[in-house]
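One structure is given below, encoded as structure tokens.
The values are calculated or read from the model by the stated rules, or taken from the named source; none is laboratory data. Nothing here was measured: the structure is a model prediction, and the numbers come from that model. Note that we place each Cβ from the backbone using ideal geometry, even for glycine, and neighbour counts take in every protein chain shown. The protein model used for the area step is the full one, side chains on, heavy atoms only, and it has no ligands, DNA or RNA in it. Shrake-Rupley method; radii C 1.70, N 1.55, O 1.52, S 1.80 Å.
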Amino acid sequence: MHAALEGEPDIRARMERFWPIAEACLERVYGSRPDCEAWLQCIARVVREFAAARPAELRARDQAAGQWWRGRNVVGYSAYVDRFAGDLTRLQGRLPYLKELGVAYLHLLPLFKAREGENDGGFAVSDFGAVDPRLGTVADLQTLARKAHDTGISLVLDLVCNHTSDDHAWALAARSGDEEYRDYYLVLPDLPTVNAYEQCLTDVFPDVAPGNFTYSEPMGGWVWTTFYPFQWDLNYANPAVFCEMTAAMLRLANMGVDGLRMDSAPFLWKRRGTDCRNQPEAHWLLAAWRALLTIAAPGVVLKAEAIERLEDVTSYFGDNSAEPECHLAYNNGAMTALWAALSLGDGRPVQSLIEAARSKPPWGTWLNYVRCHDDIIWSALTPYLDLEDLNRCSSFFSGHGSGSFAAGTAFQAVAGVPPSTNGMAAALVGVSDDEPDSAAARRLLLLYGVSYALDGVPVIWMGDEIALGDSTAREGDGSAPHDGRWSQRPFMDWRRADLRADGETLAGHVFQQLTLYGRVRAAQPAFDAQFAARSMRSIDPAVLSFVRGEGSAAVQCIANFSDRARTAGFALGGNGWLDLLSEDVGRGRDVDLGPYQVRWLVTHS
Ligand code: GLC
């Protein structure tokens with residue numbers, strides 16, 4: 001049956017169009033190897049097989065997909081399965097909740113079989129094809145995908161492509177002396193070699209997992225471990241690794257997954273004498289994957305997890321439209337700038353990032369967010385703020401410094417680098433009571449109000465929609481008591497979520513405001529993805545102002561990052577304005593803003 005399908009005109013046409021792109025990229029990476037041609041054939045075979053095996057309902061979905069992730073109606077939600085719902089089956093029962101919140105894109109953090117004990121929140125994968133038995137089975141995942149699709153929700157999962165767990169079958173084989181599998185990993189023979197590499201590398205977890213190599217007795221050398229010692233980096237210089245991970249990617253696509261978060265993409269290629277991040281080969285591999293995915297599962301998107309400086313992040317969309325890489329990328333610059341702006345009472349950091357983000361190529365789409373399961377890394381703002389300001393932001397959010405309202409914690413203290421910040425958004429904005437209109441509540445809604453108005457997909461981190469606070473216990477398998485990121489990975493509080501219809505409660509107020517943002521956004525053509533945010537000059541540094549869309553359909557977003565009332569200028573045409581969020585109207589150019597207020601303005605004559 002597969003052979004017959006393989007001959008299908010659609011697949012053949014896509015193969016003809018996109019295989020040459022993949023081939024060109026892979027030749028750049030592997031062309032000097034005598035076995036390059038054989039590997040290319042092997043990869044082509046894998047792609048044809050998965051293309052042929054793609055279930056009919058997913059082929060129909062591919063055809064109808066269009067550019068679904070660019071729709072102004074798409075709001076995302078990101079969560080751990082166990083923390084949000086318990087397991088995959090029970091998660092089905094939570095889809096109506098997500099729908100009510102306006103969610104059309106659900107990103108579930110790693111749910112594949114991970115190593116026992118510490119596993120970096122599931123990011124140490126032992127089997128890319130098996131679901132963690134505590135969460136369910138592959139059949140449960142497929143059912144969830146189907147149910148999500150029926151509800152109008154696309155499903156996005158992590159592809160942890162940079163490393164495997166040290167108990168993955170490949171790692172076990174390597175440890176038992178199998179030379180073929182040893183070459184799936186990077187093993188350095190001695191300390192001088194390790195030190196030669198280390199000189200140019202930085203640590204991702206300097207406190208909790210210092211160094212980039214781990215000595216392994218059975219491997220007789222130092223295994224490359226960028227993250228935790230139990231996460232072994234894959235050796236992409238070996239085409240067998242690329243081929244295996246292509247199969248892993250396409251297997252997920254054929255299970256009904258609509259998008260893949262390419263975890264730790266900047267680290268895929270190592271080159272001595274460099275920091276081993278963002279190397280050209282990492283980009284060629286991603287461009288090859290994009291082309292292969294377009295052949296086998298054209299409705300599925302790639303999302304870059306590249307928490308780097310903006311200039312490096314935009315390159316994950318691909319430098320030219322003929323060789324695109326990821327469809328989506330985290331806008332971590334804007335996210336970090338939002339928090340910096342809040343602590344400094346100054347909108348200019350966000351304004352700088354909006355200006356810089358205009359270098360994004362038109363075929364790429366941002367993923368905008370306020371918080372996620374990881375820490376806020378201040379060094380992403382190095383080109384825009386000086387070290388003193390970044391240190392100020394960092395200590396502000398751990399509750400130090402004058403006027404701090406925040407109750408976060410500092411993470412990863414190393415000399416010369418501002419410690420990053422942990423904590424749920426509610427903790428960082430200083431929520432301390434259930435008051436729906438407190439300054440803290442306004443701060444939370446300010447950040448989400450800006451995030452929803454930027455160009456791209458806004459993604460809610462689980463619990464923010466009810467102003468959920470930090471995790472009180474570091475319970476759960478795979479958690480590491482010393483890794484402070486577990487603060488922002490609480491269990492969902494469904495009793496609190498039950499208050500969502502009651503606008504007199506904080507949870508209800510925030511939930512209703514976020515759904516309002518989503519509704520208003522969906523109704524305004526100015527929020528279409530092609531209209532990049534254009535920052536406007538604001539006389540008052542506390543006020544951020546930017547415009548989306550053009551002409552009479554344009555929307556101006558103004559956001560007051562200070563705790564005092566301010567006046568801002570209406571920048572669109574006409575004699576008056578209407579705030580789509582509060583429904584306030586005004587004449588002339590002056591617009592009043594309460595402390596931490598955000599407004600989305602249109603012309604109102
Ligand atoms: C990504 C994840 C993070 C994880 C790391 C290693 O950055 O977001 O949680 O620790 O990759 O897989």
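For the stretch 31-48, the count of residues that are of a type in the set (Ser, Thr, Tyr) and buried (at least 22 other Cβ atoms within 10 Å of the Cβ) is zero. In the stretch 559-571, the residue that is surrounded by the most Cβ atoms within 10 Å (Cβ to Cβ) out of those that are more than 28 Å from the chain's Cα centre (by Cα) and not in a loop (DSSP other than H, G, I, E, B) is ALA568. Condition check for ARG534 on (1) more than 30 Å from HIS327 (Cα to Cα); (2) touching a residue at least 40 places away in the same chain (Cβ under 8 Å); (3) among the basic types (Lys, Arg): one failure, at (1). For the residues TYR517, TYR596, the requirement of being assigned to a loop (DSSP other than H, G, I, E, B) and crowded, with 17+ Cβ neighbours inside 10 Å singles out TYR596. Number of residues in the stretch 218-241 that are closer than 30 Å to GLN41 by Cβ, in contact with a strand residue (DSSP E or B) (Cβ under 8 Å, 6 or more places away or on another chain) and not aliphatic (A, V, I, L, M) equals 4. When GLU179 is tested against (1) within 16 Å of the ligand (Cβ to nearest atom); (2) open to solvent by 40 Å² or more (accessible area, probe 1.4 Å), just one condition goes unmet, and that condition is (1). Please verify whether the stretch 396-411 includes one or more residues that are at pLDDT 95 or above, within 16 Å of the ligand (Cβ to nearest atom) and open to solvent by less than 50 Å² (accessible area, probe 1.4 Å). No, that holds for no residue. Considering (1) in contact with a helix residue (DSSP H, G or I) (Cβ under 8 Å, 6 or more places away or on another chain); (2) open to solvent by less than 10 Å² (accessible area, probe 1.4 Å), the lone condition that ALA145 does not fulfil carries the number (1). Selection of the stretch 254-269 for residues being within 16 Å of the ligand (Cβ to nearest atom) and either of a type in the set (Lys, Arg) or open to solvent by less than 20 Å² (accessible area, probe 1.4 Å) (or both) yields GLY259, LEU260, ARG261, MET262, ASP263, SER264, ALA265, PRO266, LEU268.
Mind listing just one residue for me: the one in the stretch 282-313 that is part of a helix (DSSP H, G or I) and open to solvent by 20 Å² or more (accessible area, probe 1.4 Å) and, of those, nearest to the ligand (Cβ to nearest atom)? Spell out how you get there, then give the answer.
Keep residues of the stretch 282-313 that are part of a helix (DSSP H, G or I), which gives 282-296, 310-313.
Now restrict to residues that are open to solvent by 20 Å² or more (accessible area, probe 1.4 Å): 283-284, 290, 294, 311-312.
Details: HIS283: 18, TRP284: 21, ARG290: 20, THR294: 25, GLU311: 19, ASP312: 15 Å.
Applying the filter and picking the extreme gives ASP312.
The condition of being at negative phi and either among the basic types (Lys, Arg) or touching an Asp or Glu at 6+ places or on another chain (Cβ under 6 Å) (or both) holds for only one of VAL160, VAL138, VAL131, VAL103, that being VAL160.
Let's see how each residue does on (1) within 16 Å of the ligand (Cβ to nearest atom); (2) closer than 26 Å to SER379 by Cβ; (3) open to solvent by 20 Å² or more (accessible area, probe 1.4 Å); (4) over 25 Å from the mean Cα position of the chain (by Cα):
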residue	(1), (2), (3), (4)
ALA169	no, no, yes, yes
TYR185	yes, no, no, yes
LEU191	no, no, yes, yes
VAL194	no, yes, no, yes
SER216	no, no, no, yes
PRO229	yes, yes, yes, no
ALA240	no, no, no, yes
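Name the single residue, out of those in the stretch 360-375 being away from the ligand (no atom under 16 Å from the Cβ) and more than 10 Å from the chain's Cα centre (by Cα), that is surrounded by the most Cβ atoms within 10 Å (Cβ to Cβ). Checking each candidate, the answer is THR365.
Residues are listed down the side, and each one gets a yes or a no for (1) away from the ligand (no atom under 16 Å from the Cβ); (2) open to solvent by less than 20 Å² (accessible area, probe 1.4 Å):
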{"site": "THR89", "(1), (2)": "yes, no"}
{"site": "LYS99", "(1), (2)": "yes, no"}
{"site": "VAL103", "(1), (2)": "yes, yes"}
{"site": "PRO110", "(1), (2)": "no, yes"}
{"site": "GLY117", "(1), (2)": "no, no"}
{"site": "ASP120", "(1), (2)": "no, yes"}
{"site": "VAL125", "(1), (2)": "no, yes"}
{"site": "GLY129", "(1), (2)": "yes, no"}
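Scanning the stretch 218-227 for residues that are open to solvent by less than 40 Å² (accessible area, probe 1.4 Å) and assigned to a loop (DSSP other than H, G, I, E, B), we see that the one that is nearest to GLU179 (Cα to Cα) is MET219. Looking across the stretch 533-558, the residues that are in contact with a Phe, Trp or Tyr (Cβ under 8 Å, 6 or more places away or on another chain) and open to solvent by less than 10 Å² (accessible area, probe 1.4 Å) come down to ALA533, ALA542, VAL543, LEU544, ARG548, GLY549, VAL555, GLN556, CYS557. When ASP498 is tested against (1) at pLDDT below 95; (2) among the acidic types (Asp, Glu); (3) open to solvent by 60 Å² or more (accessible area, probe 1.4 Å), just one condition goes unmet, and that condition is (1). Counting just the residues of the stretch 336-350 that are surrounded by fewer than 23 Cβ atoms within 10 Å (Cβ to Cβ) and not small (Gly, Ala, Ser), which one comes out farthest from VAL429 (Cα to Cα)? Here the answer is ARG348. Looking at VAL204, is it in a loop (DSSP other than H, G, I, E, B), more than 16 Å from the ligand (Cβ to nearest atom) and touching a helix residue (DSSP H, G or I) at 6+ places or on another chain (Cβ under 9 Å)? No.
Check the stretch 140-158 and report whether any residue there is over 30 Å from TYR517 (Cβ atoms) and touching a Gly at 6+ places or on another chain (Cβ under 6 Å). Looking through the stretch 140-158, at least one residue is over 30 Å from TYR517 (Cβ atoms) and touching a Gly at 6+ places or on another chain (Cβ under 6 Å). Do we find that ARG251 is open to solvent by 10 Å² or more (accessible area, probe 1.4 Å) and either within 16 Å of the ligand (Cβ to nearest atom) or within 24 Å of ARG54 (Cβ to Cβ) (or both) in this structure? The answer is yes for ARG251. Only a single criterion out of (1) at pLDDT 95 or above; (2) crowded, with 22+ Cβ neighbours inside 10 Å; (3) part of a helix (DSSP H, G or I); (4) within 16 Å of the ligand (Cβ to nearest atom) is not satisfied by ALA380, namely (1). If you check TRP600, TRP577 for being under 34 Å from the mean Cα position of the chain (by Cα) and of a type in the set (Phe, Trp, Tyr), only one passes: TRP600.
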